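First the structure, in the form of structure tokens, and then the observations on it.
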2 protein chains.
Amino acid sequence: MATIDDVAKAAGVSVSTVSYVLSGKRPISAPTRARVERAIEKLGYRPHAGARALASARTNVIALMAPLRVGVNVPVIMQFVAGVVTRARDFDHDVLLLTQDDVSGLDRVTGGSMVDALVMMDIEADDPRVPLVAAAKQPTVLIGLPQDPEGLSCVDLDFEAAGRLAVRHLAGAGHTDVALIGSPPEVLRRHTSYAERLMRGLRSQAKSSGVAVKVEACDSSPSGAAAAVDALLATAPDTTGIIVHNEGALPHVLSRLAERGIVVGTDISVVAVCPTDVALSQRIPMTSIDLPAEDIGKVAVDMVMARLEGEQPSETRLLAPVLTERESSASGPAAAAAG
Amino acid sequence: MATIDDVAKAAGVSVSTVSYVLSGKRPISAPTRARVERAIEKLGYRPHAGARALASARTNVIALMAPLRVGVNVPVIMQFVAGVVTRARDFDHDVLLLTQDDVSGLDRVTGGSMVDALVMMDIEADDPRVPLVAAAKQPTVLIGLPQDPEGLSCVDLDFEAAGRLAVRHLAGAGHTDVALIGSPPEVLRRHTSYAERLMRGLRSQAKSSGVAVKVEACDSSPSGAAAAVDALLATAPDTTGIIVHNEGALPHVLSRLAERGIVVGTDISVVAVCPTDVALSQRIPMTSIDLPAEDIGKVAVDMVMARLEGEQPSETRLLAPVLTERESSASGPAAAAAG
DNA sequence: CTTGATCGTCGAAGCGTTTCAACACGCTAA
DNA sequence: TTAGCGTGTTGAAACGCTTCGACGATCAAG
């Protein structure tokens, strides 16, 4: 491999000049720049990343810690990851991928100066990784909200607002009895805060809109979804509006409703909280509140880069939910009675 | 951050001694080793990755190029990735994630010595990336088979054997008219070779088993799957055995069959080619040929590491397919007539 | 003309490791 | 006694880059 020395020699300049041509940190005259660039081109020169990292204390790599276990959220996770990776490239950074359970990896990459910054997904309320990265010299942004962010930046969908929005939509359409089919019990047990935030919004809006609300946890398997539907219709038979916040269970919930002869969009309205492409690939196009996973990933990178540049203070950004009406929701009994 | 100098000073030895304690490349007496280790512990010392890479020409990072676009294969991709990342850790390596379309990333990471080796997924028959990595100084392994591997290592499921196995299973159960519901047209157009290999195996076994075989491409959407089922049953109404090689379409294929009053496992046998967890999360547990994505990812890492260590020659490894009988397949007309 | 800026370039000192050659030491074998 | 050897340790030279301070030129202002 050619080194910066070879380039300098070939161009008849000093190595520092080559370096400045590359970094643009000092003015270089047009002819000199041209000679250097020609030499770089001719030699196929690529700066050695390690040498650069050593000299500049910058690696141009960010770490992304993602849950790679197979499970319900796989498509969502991929979208986060895709958002992070593509946006990182816009800042001329690459992405080092860590798995969620590799907690010691945090020490390894921060302590060893392998990365300039970190993004961590799937934050739990009392996440053991948070104090670790809070102590690191690299800035971090969390996707999700821990109980105590310890001066770290966070970004997420505003699930509380999403809960309110979903209920408002159903109540506005005349539904008086609504229900949530939510995350699997193990997710709730892990206290991934989004489930709780969604419920909080749901309940508060239900109260002020005067609608009844029932909550049903739901395993993502076909049988789990069927059980949740059955339990719901047994205990709250007047339910005409359902909010589903569980991508994995969504198709099975719809199947079960169909099996029971219930026509979604007519007999019952369903609002899904999920990425748009998931909403569109169901048996009918679902009314949904978008979970803009890719955008969140991008925002996370924007935030972490901002902290890397200037000395921005940490901040928490909650993205406003957007509801798109499609074929799975319609007017409920109150509106029908009125109309 | 503490440096190796600090450690050396604290332990009262030279830096080279500290280095040798860390790498184990030279014998160090027990007491000295203990003093050094105590100093490392006390100072919280972590070797600087960049400095290490510069001095040793090893980064302990491998690149993984994965297709991050959203689409049918998302769960499979995640399993590959998970396999690669976890196995890489076993070799004390981290993973740098590149997206499929970032072709220039190959140059960046190889030329800049950011990684020791590469793994590339989703290889197409005439993949433009193959010559690039073939020219790189780092070893590469491909997941999938290009037309011309150019001395690179490859690993994949033996799809041709899988095709044969599926037909043999159905033919053995007495089915005389079988069909393949395959990949979306765009995948076929990209010449991702697995689709073609599966078909080759299918056809050769059909011939020797004396069964008729019909092939139907299939979009992964609900409507695409329905159309494929309808087309199949219109043009080959005697079909009693179906092989589905399309994770995304699988649930919709089953739905459509159910809508048409066809009972899977009784009227028609279905064999899926997909990861086990996908096979198990359908409306009934599917007889399937496992796509061991995680294993393939692990094997890929094993192979690339082997090439990194010794001077292994390149090789191609095709994993033998395994068929597991579950509830979606049963005896066909010939067997029924005989029994 | 001087005096200062400004501009473009250069030399050299790091950055934190690894690793090679060399050396001190205590042994064994001659 | 000494040559020779293995063991454990060291010093110093890379590794390839960034960046600081300095320096010669050029040019405007006084």
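In vacuo Debye scattering of segment B:97-240, one point per C-alpha: log10 I(q)/I(0) at q = 0.09, 0.11, 0.15, 0.16 Å⁻¹? Normalising to I(0) and taking log10 leaves -0.39, -0.54, -0.82, -0.88.
Quick one: Cα centre-to-centre distance for segment B:88-143 and segment A:59-97, in angstrom? The two parts, judged by their Cα centres, are 17 Å apart.
Shielding of peptide A:43-53 by partners, expressed as the average count of other chain Cβ atoms within 10 Å per residue Cβ, is 6. A compact globular protein would have a Cα radius of gyration near 2.2 N^0.38 Å; the ratio found for segment B:82-168 is 1.21. In terms of accessible area, using a 1.4 Å probe and ignoring ligands and nucleic acids, B:Tyr194, A:Tyr20 rank largest first as A:Tyr20, B:Tyr194.
Label-point spacing for A:Ser56 across the identical copies (point 7 Å from Cα in the Cβ direction), in nm and ascending order: 2.4. Here A:His245 sits with roughly 10 square angstrom of accessible surface, probe radius 1.4 Å.
With 0.36 nm allotted per residue and the present C-alpha distance subtracted, the A:Leu318-A:Met1 stretch has 109.4 nm of extension available. Given in Å, the Rg to one decimal and the Dmax to the nearest whole number for the Cα atoms of chain B are 25.6, 87.
Checking the cross-link pairs A:Lys137/A:Lys298; B:Lys25/B:Lys298; A:Lys25/B:Lys42; B:Lys25/B:Lys137; B:Lys42/B:Lys298; A:Lys9/B:Lys137 against a 32 Å limit on the alpha carbon distance flags A:Lys25/B:Lys42; B:Lys42/B:Lys298 as lying beyond it.
Taking amide H as placed 1.01 Å from N in the peptide plane, A:Val215 has its amide H under 5 Å from the amide H of A:Leu180, each at least 5 places away in sequence or on another chain.
Just to be sure I understand: of the beta bridges DSSP finds with both ends in chain B, what percent are antiparallel, rounded to 5? Counting DSSP beta bridges with both partners in chain B, the antiparallel share is about 5 percent. Contact order for chain A, expressed relative to its length and based on alpha carbon pairs under 8 Å spaced 6+ residues apart, stands at 18 percent. Beyond 16 Å, what share of the Cα-Cα pairs of segment B:193-235 remains, rounded to the nearest whole percent? So the pairs more than 16 Å apart make up 50 percent of the total in segment B:193-235. In terms of the Cα gyration tensor, with a ≥ b ≥ c the square roots of its eigenvalues, is segment B:187-290 rounded because a/c is under 1.5, prolate because a/b exceeds b/c, or oblate? Since a/c stays below 1.5, the shape of segment B:187-290 is classed as rounded. With an 8 Å cut-off on Cα pairs and a minimum separation of 6 or more residues, tell me the relative contact order of segment B:4-47 in percent. Relative contact order comes out at 43 percent.
Heavy atoms of the protein chains alone define the surface here; on that basis the protein assembly as shown has 41 Å² accessible area per residue at 1.4 Å probe size. A Cβ-based charge dipole, computed about the Cα centre of segment B:4-47 with Lys and Arg at +1 and Asp and Glu at -1, lands at about 120 debye. Working from Cα pairs under 8 Å separated by at least six residues, relative contact order for segment B:260-334 is 44 percent.
Spatially, segment B:1-32 and segment A:254-284 are offset by 64 Å when compared through their Cα centroids.
Buried surface between chains B and A: roughly 3500 Å² of accessible area, summed over both sides, computed with a 1.4 Å probe on protein heavy atoms only.
The apolar share of the surface of segment B:4-47, taken as the fraction of accessible area on carbon and sulfur atoms (1.4 Å probe, ligands and nucleic acids excluded), comes to 50 percent. Computed from phi, the 3J(HN,Hα) profile of segment A:116-130 under the Karplus parametrisation 6.51, -1.76, 1.60 (θ = phi - 60°) reads 8, 6, 10, 10, 10, 9, 6, 7, 9, 3, 10, 7, x, 7, 4 Hz, with x in place of Gly and Pro.
Note on segment A:4-47: Kirkwood radius taken over Cα pairs, Stokes-Einstein applied at 4 °C and 1.567 mPa s, translational D equal to 131 µm² s⁻¹. Peptide B:277-286 has a mean of 2 when you count, residue by residue, the C-beta atoms of other protein chains within 10 Å of its C-beta. Evaluated over the Cα positions of the protein assembly as shown, the convex hull gives a direction-averaged projected area, one quarter of its surface, of 36.4 nm². Across segment B:249-339, the convex hull enclosing all Cα atoms gives 117 Å³ per residue. Inter-chain Cβ neighbour count for A:306-317, averaged per residue, equals 0 (cutoff 10 Å, partner chain atoms only).
Taking a ≥ b ≥ c as the square roots of the Cα gyration tensor eigenvalues, segment A:71-110 comes out oblate, since a/c reaches at least 1.5 and a/b does not exceed b/c. Each copy carries a label point for B:Glu311 at 7 Å from Cα toward Cβ; from one copy, the others' points are 5.5 nm away, ordered from shortest.
Sorting B:Thr287, A:Thr3 by accessible area puts them as A:Thr3, B:Thr287; the probe is 1.4 Å, largest comes first, and only protein heavy atoms count. Among A:Val70, A:Val178, the order of accessible area from largest down is A:Val70, A:Val178, computed with a 1.4 Å probe on protein heavy atoms.
The values are calculated or read from the model by the stated rules, or taken from the named source; none is laboratory data. These numbers come from a predicted model, not from an experiment. As a convention, Cβ positions derive from the backbone with ideal geometry for all residues, glycine included, and neighbour counts pool all protein chains shown. Heavy atoms of the whole protein, side chains included, go into the accessibility calculation; ligands, DNA and RNA do not. Shrake-Rupley method; radii C 1.70, N 1.55, O 1.52, S 1.80 Å.
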